[in-house]
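What follows is a structure written as structure tokens; I'll ask about it next.
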Amino acid sequence: SQQGEEDPQALSIQEGENATMNCSYKTSINNLQWYRQNSGRGLVHLILIRSNEREKHSGRLRVTLDTSKKSSSLLITASRAADTASYFCATDARQGAQKLVFGQGTRLTINP
Amino acid sequence: GAVVSQHPSWVICKSGTSVKIECRSLDFQATTMFWYRQFPKQSLMLMATSNEGSKATYEQGVEKDKFLINHASLTLSTLTVTSAHPEDSSFYICSAREGRAFGPLHFGNGTRLTVT
């Protein structure tokens, strides 16, 4: 079963607005990662946040992590048309294999 | 840096034939590669973990005799879909990890397989 559940499944906003996506997971983790996927392409790593971190920034991206609630959020500020893509969170189980399990993803559409 | 090349980007084959997909790490050594399958508008489903020089570890429900994985070198892993059927049509994506065990993955651009 998928480790992460994301909401919303789809989000459509105007260019310049902020976009927030949420991710929840089930088991203890070493870290949580966010990826972007343009249609028909592979995934691109955006940001990694460790289990002992609460917030992390990278350019227009801001990620938070609440391990007590087993949830994370990705905020994209001042959105651009080029941000249109699907966004996935991914987690690795603290124990066992080094594999990443992906959430269902949020399809983000930025309207010009 | 950290480029993963996946080939072919798309392939159409007839039912019953086999198709091989290659995944190469171009500028780093990847001791571990992962193969995912993705259906339209859905998430990535991990099929198997491929470790260089050893047998792949398949996820539950994935037929190892149907999806043959070989990881003969630190820069190349292959996925062969044997005796393909229309239900195997999907988007297959490989990824590789560089460096530390729980670091980010670098993805190929995927292979769109259509079985007619």
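Let's test the formula: R0 of 22 Å, r as the Cβ-Cβ distance of B:Glu87 and B:His7. What FRET efficiency results, to the nearest 0.05?
Working: r = 23 Å, r/R0 = 1.06.
It comes to 0.40.
Something else: Cut-off under 17 Å on the C-alpha distance; same-chain residues fewer than 8 positions from B:Lys64 excluded. Which lysines are left, in chain and number order?
The reachable lysines, counting only those whose Cα sits under 17 Å from B:Lys64, are B:Lys20, B:Lys55.
So, one more: I need the fraction of alpha carbon pairs in region B:15-76 separated by more than 15 Å, rounded to a whole percent.
Values: 1046 of 1891 pairs.
That fraction is 55 percent.
Take every residue in peptide A:99-106, count the Cβ atoms of other chains within 10 Å of its Cβ, and give the average of those counts. Write out the running numbers ahead of the final one.
Numbers: counts 11, 9, 5, 7, 2, 4, 5, 0.
What the average comes to for A:99-106 is 5.
Kirkwood-based Rg over Rh for region A:30-110 (C-alpha set), two decimals? Before the final figure, lay out each step's value.
Values: Rg = 12.8 Å, Rh = 13.3 Å.
Ratio value, two decimals: 0.97.
Taking only the alpha-carbon atoms of region A:1-45, what semi-axes of the equivalent ellipsoid follow from 5 times the gyration tensor eigenvalues under a square root, in whole Å, largest first?
Numbers: eigenvalues 99, 44, 23 Å².
The answer is 22, 15, 11 Å, longest axis first.
Now for a different question. Residues of region B:75-100 with amide nitrogen under 18 Å from the 7 Å Cα-to-Cβ point of B:Lys66?
Answer for this model: B:79-93.
Taking a temperature of 37 °C and a viscosity of 0.692 mPa s, what whole-number D in µm²/s does Stokes-Einstein yield for the protein assembly as shown with Rh from Kirkwood over alpha carbon pairs?
Numbers: Rh = 18.0 Å.
Calculated translational D: 182 µm²/s.
Using the Karplus curve 6.51 cos²θ - 1.76 cosθ + 1.60 with θ = phi - 60°, work out ³J(HN,Hα) for each residue of region A:38-54 in order, rounded to whole Hz, and write x for Gly and Pro.
Computed from phi, the couplings for region A:38-54 are 7, 3, x, 10, x, 9, 10, 6, 9, 7, 10, 10, 7, 5, 9, 9, 10 Hz.
Taking each residue in B:102-111, count the Cβ atoms of any other chain within 10 Å of its Cβ, then average. What number comes out? List each step's numbers first, then the result.
Working: counts 11, 6, 12, 9, 4, 7, 3, 5, 5, 1.
Mean number of neighbouring Cβ atoms from other chains: 6.
I need the semi-axes of the equivalent ellipsoid of chain B: take the C-alpha gyration tensor, multiply each eigenvalue by 5, square-root it, list largest first in whole angstrom. Numbers along the way, then the final one.
Details: eigenvalues 102, 41, 35 Å².
Those come to 23, 14, 13 Å.
None of the figures in this text is laboratory data; all of them are computed from the coordinates on show. Treat the numbers as computed from the prediction; the structure is a model and nothing was measured. No Cβ is skipped: glycine too gets one built from the backbone with ideal geometry, and neighbour counts run over all protein chains shown.
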